[in-house]
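The next block holds one structure in the form of structure tokens; read it before the comments.
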Amino acid sequence: MIRDALDHDRLKLFIQPVFEVGSRRPVTWEVLVTLIDAGGKVRFPAEFIQQAESLDLIQKVDQKVA
């Protein structure tokens with residue numbers, strides 16, 4: 001799945017706000033890499049980053065989104 005996403009440019013950046021609890025206002029933003037699988041489903045980092053690391057593909061993931 002990861003190699004396929006790398007080969008077909010299906011790694012995308014997802015930007016989300018981080019809110020302050022008390023005021024509920026955004027205080028910063030975080031950027032996550034997401035993977036769109038062959039079926040079109042969005043996969044968030046928890047679903048593929050550990051596997052990318054164990055397959056020595058994490059540097060290729062980093063290079064694609066840098």
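The numbers here are math on the coordinates, done by the rules we state, and not lab data. No experiment lies behind these values; they were computed from the predicted model shown.
In the chain, the DSSP-assigned H stretches of four residues or longer account for a calculated mean residue ellipticity at 222 nm of -7500 deg cm²/dmol, using -39500 (n - 2.57) per stretch and the full residue count as denominator. Note on the chain: Kirkwood hydrodynamic radius from all Cα pairs is 12.9 Å, rounded to one decimal.
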